[in-house]
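A.B. asks: Questions regarding the structure given below will be posed in turn.
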Amino acid sequence: MRKIKLIYNVTAGHNEFKYFLDAIVEKFTDNDYEVSVFRTGKGDSLEEYIKESKDIYGIVVAGGDGTINKVVNIMMKNNIKVPLGVIPAGTSNDFAKHINMPASYIQCVDRILKGNIGAVDVGLANNNYFINVCSAGVCTNASQKTDKNLKNIFGKTAYFFTGLVEFFKFKPFEVKIETENSIYVGKIFLFLIFNGSTVGGMDIFTKNPSIQDGLLDCIILKDCKHRKFRKMVTNILSGKFEEDENIIYSKEKYIKITKLSGKCDDPDVDGDPGPKFPMEIRCIKDGLNMFL
Ligand SMILES: [Mg+2]
């Protein structure tokens, strides 16, 4: 009998996953799987639970990007190669969207039961692994700054308003960005370094992204005046990054970002606080096995 560890975050999304829990366990047991369930919470022993992975066929996590990030960090730091399946049960499910997991929880179980396992890349920013995105600058940490209660009531709309308030207060900051082939020094509004492709439910910032190409999709929006900013937004919305002089878009294995001057909050990984500047970011090719 194959053993599955099911981890869920009870506070994720609209707190509704718990109502589906029994149906999900039943689906696995009907297919001859033995399921153990772990409910995450403050001061839990998630790391110990995941580390005991001997004879485990798969780990399944139900939650948003933040919960997946926690599980992935534990797996990567303990070299656990058991395949991971995700069920998008959070407020923000950008990573699950990137790998095309269905929105229906039960359909996700069907997908996992098919057993299509593949190696995928993982991002590493200093000592923090990330599965979807590492970012800093205007609006990028709206998910961190949004009140948890507001998030549970209004979902992503709460991010939007937090982001809007941030936008009008924001001043560009100066950075040095080094990759294997280039150096850029200047003021920027924001950078987004994607392992996935979707942020805030939008997948407009990358071109032909792949979670299996060993490369991170990097987009940097340079400081520019009002009129050029409007043009930049139009170019992003229409997918014309290359044509805009104020956008740097590239695919990289390695990026180092140093903050030189100006104010900017610490970078964010998968919607949660990440490392401080200076930050070295790497793509770990085939770092994790997943149910795809
Ligand atoms: Mg990639």
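A.B. asks: If we keep just the residues of the stretch 212-240 that are within 16 Å of the ligand (Cβ to nearest atom) and among the hydrophobic types (A, V, I, L, M, F, W, C), which is nearest to residue 172 (Cα to Cα)?
C.D. replies: 219
A.B. asks: Any residue that is among the hydroxyl-bearing types (Ser, Thr, Tyr) and either at pLDDT 95 or above or surrounded by 14 or more Cβ atoms within 10 Å (Cβ to Cβ) (or both) - is there at least one of those in the stretch 224-234?
C.D. replies: No, the stretch 224-234 contains no residue that is among the hydroxyl-bearing types (Ser, Thr, Tyr) and either at pLDDT 95 or above or surrounded by 14 or more Cβ atoms within 10 Å (Cβ to Cβ) (or both).
A.B. asks: Oh, and also: When the stretch 17-73 is examined, which residues are found to be β-branched (Val, Ile, Thr) and in a strand (DSSP E or B)?
C.D. replies: 35, 37, 40, 59, 60, 61
A.B. asks: So, one more: Give me the residue from the stretch 181-197 that is touching a strand residue (DSSP E or B) at 6+ places or on another chain (Cβ under 8 Å) and in a loop (DSSP other than H, G, I, E, B) and, out of that set, nearest to the ligand (Cβ to nearest atom).
C.D. replies: Going through the qualifying residues, I end up with 195.
A.B. asks: Please identify the pairs in which a residue from the stretch 189-218 that is within 18 Å of residue 288 (Cβ to Cβ) and at pLDDT below 95 has its Cβ atom under 6 Å from the Cβ atom of a residue that is of a type in the set (Phe, Trp, Tyr) and within 13 Å of the ligand (Cβ to nearest atom), counting only partners at least 6 apart or on another chain.
C.D. replies: Note: pairs meeting the criteria are 196/95.
A.B. asks: On to the next question. What number goes with the only condition from (1) over 22 Å from the mean Cα position of the chain (by Cα); (2) in contact (Cβ under 8 Å) with a residue 60 or more places away in the chain that residue 228 does not pass?
C.D. replies: (2)
A.B. asks: Among the residues that make up the stretch 209-221, is at least one of them β-branched (Val, Ile, Thr) and in contact with a His (Cβ under 8 Å, 6 or more places away or on another chain)?
C.D. replies: Checked the stretch 209-221: at least one residue is β-branched (Val, Ile, Thr) and in contact with a His (Cβ under 8 Å, 6 or more places away or on another chain).
A.B. asks: Could you please find all residues in the stretch 268-292 being assigned to a strand (DSSP E or B), more than 17 Å from residue 197 (Cβ to Cβ) and away from the ligand (no atom under 16 Å from the Cβ)?
C.D. replies: 272, 273, 279, 280, 289, 291, listed by residue number.
A.B. asks: Which one of the conditions (1) closer than 24 Å to residue 128 by Cβ; (2) loosely packed, with under 13 Cβ neighbours inside 10 Å; (3) modelled with pLDDT of 95 or more does residue 41 fail to meet, given that it meets all the rest?
C.D. replies: Among (1) closer than 24 Å to residue 128 by Cβ; (2) loosely packed, with under 13 Cβ neighbours inside 10 Å; (3) modelled with pLDDT of 95 or more, the lone unmet condition for residue 41 is (3).
A.B. asks: Still on this structure, I have one more. What's the number of the condition residue 135 fails, among (1) not in a loop (DSSP other than H, G, I, E, B); (2) not assigned by TED's automatic domain parsing to the domain that holds residue 270?
C.D. replies: Looking at each condition in turn, residue 135 falls short on (2).
The values are calculated or read from the model by the stated rules, or taken from the named source; none is laboratory data. Keep in mind it's a predicted model, so treat the numbers as computed, not measured. Every residue, glycine among them, receives a Cβ derived from its backbone with ideal geometry; neighbour counts consider all protein chains shown.
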